[in-house]
Amino acid sequence: MTIFDDAMAAFDRDHLWHPYSAMRGGGGAAAVVAARGVHLELADGRQLVDGMSSWWAAIHGYNHPVLNEALQRQLAQMAHVMFGGLTHPAAVGLGRRLCALLPDGLDRIFFCDSGSVSVEVAVKMALQYWRAKGKPGKTRLLALRHAYHGDTFAAMSVCDPDAGMHRLFRGTLREQLFVRAPRCGGGCDIWAVAELERMLKEHARETAALILEPVVQGAGGMRIYNAAYLRHARELCERHGVLLIFDEIATGFGRTGRMFALEHAGVAPDILCIGKALTGGYMSLAATVAHGEISGTLDGGEPGVLMHGPTFMANPLACAVACASLDLLARGDWRARVAHIESRLAEELAPCRASTSTSMGVRDVRVKGAIGVVELEREVNVAALCRAFIEQGVWIRPFRNLIYLMPPYIIGDAELSQLTAAVRRAVAAPRGGL
Ligand SMILES: *Cc1c(COP(=O)(O)O)cnc(C)c1O
């Protein structure tokens, strides 16, 4: 029995930063003392149905016996060992599994600590690549508006320039190039492809890589776009001599209905970033995967090595639990589960569209795989809405004007309906009610 008392709540409020929050942000973080399956257990014993998968990560739910066992087995061998000059079975096992899942040619793997770091590494690979090719002037990156690629400096520089942190860090952030992202839903936007082509043509001499989130732009707006755009991007990058980086940190491992979102388009990037669900939500681990042409060129250039090496690179505990998570996917029926969740989300969130006039103003409802999004006309009061959701026994954390669901794949119909009912109730609440 874990106790979370008032003194702990006070310490949290006074000393612990939470994501994107002020230290004196009013506190009020709900204390979770255990989690099992799709349920989070609060300190007062209440059980919440989890609609977030802890930010795309906990795809198998919490406290999974197979994942627990894999961690314990690895722990009995060793928790960690440096990766400089040493290797271990968990890293090799995970590398083999990833190579089997990824498109042919994408098979040179750099393990790192978090998604943001994997983006830094991808950028570094691209810059070192062009240097080795004798084109050191190709140092800029091209990105999409509404993009989100992480919180470290190179990653921030390719986030949406308006919604991102560009203004705050002007002068320290590298100014990158941006094109408008394709619209949500519908067909492939000719104008978006034309704009991309114009930009690539004009800036090829200085551009190292195009980076984008395939099919679903996540934290930059939960936008879902037509996969055909990716085929154009692949072809245009090829034609103009610009590398293509896919950031599948959010979309990887089944979330969009395919193992990787790139499969919707049948194209492969030169460099791929993965993270989040890689360990089934157990530990922080990410990877940057490059084509052999990239690694070969880096090896042949100056200084002949990739200049990166995190202390906890390929941490054995994280690799072991990632292996177990991928084995669960391989053995399980995630494809059918995600397809089922997709159809239920579409059906049960559709009535939100009717809430336009009376309530919070619904601008759009969209679903892809195990992702359901309700976009509102205006920003919500996140803290108030979270409290209202907790009262209804669900954990849903909106941001800006977006209420979204991405539950663990193991969620049952009854729990999923609890989530969608809570969302429908929230958007039907009178204006100002929440
Ligand atoms: C979350 C996310 C990142 C950053 O990953 P962290 O592990 O939080 O550093 C980068 N890109 C995308 C698309 C993400 O969703």
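Every number here is computed from the coordinates shown, using simple stated rules; none is lab data. These numbers were taken from a predicted model, which means no experiment stands behind them. FYI the Cβ positions are ideal-geometry reconstructions off the backbone, even for glycines, and counts take in every protein chain you see.
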What's the extension gain from residue 170 to residue 425 if we count 0.36 nm per residue and subtract their Cα-Cα distance? 87.7 nm
Within the set 83, 260, 111, GNM on the chain using Cα springs under 10 Å gives the largest fluctuation to 83
On average, how much area does the Cα convex hull of the chain cover when viewed from any direction, in nm²? 21.4
Cα principal axis extents for the stretch 1-135, largest first, Å: 60, 36, 29
Cα to Cα, under 26 Å, and not fewer than 8 places away if on the same chain: which lysines meet these conditions relative to residue 201? 124, 133, 135, 138
Full-extension gain between residue 195 and residue 152, please, as 0.36 nm times their residue separation minus the C-alpha to C-alpha distance. 12.7 nm
Note to self, the chain gives a 222 nm [θ] from helices alone (DSSP H runs n ≥ 4, -39500 (n - 2.57) apiece, / all residues, nearest 500) of -11000 deg cm²/dmol
DSSP-loop trypsin sites (Lys or Arg not before Pro) across the stretch 128-191, with at most 10 other Cβ within 10 angstrom: 167, 170
Expected output is a single nm value to one decimal: the length gained when fully extending between residue 183 and residue 55, i.e. 0.36 nm times separation in residues minus the C-alpha distance. What is it? 43.7 nm
Of 331, 46, 223, the most mobile residue in a GNM of the chain (C-alpha springs, cutoff 10 Å) is 331
Alpha-carbon centroids, the stretch 24-45 and the stretch 77-156: separation in whole Å: 33
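Once you mark the GluC sites (Glu not before Pro) that are in a DSSP loop and have at most 16 other Cβ atoms within 10 Å, what is the longest gap between them in the chain?
1-174
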I want to verify the translational diffusion coefficient of the stretch 91-151 in µm²/s; compute it with Stokes-Einstein, Rh as the Kirkwood radius over Cα pairs, at 10 °C and 1.306 mPa s. 116
So, with points 7 Å from each Cα along the Cβ direction, the residue 78-residue 346 label distance in nm works out to 5.0
What residue among 151, 333, 50 has the largest mean-square fluctuation in a Gaussian network model of the chain, using Cα springs under 10 Å? 333
Relative to 2.2 N^0.38 Å, what does the C-alpha radius of gyration of the stretch 325-434 come to as a ratio? Two decimals please. 1.10
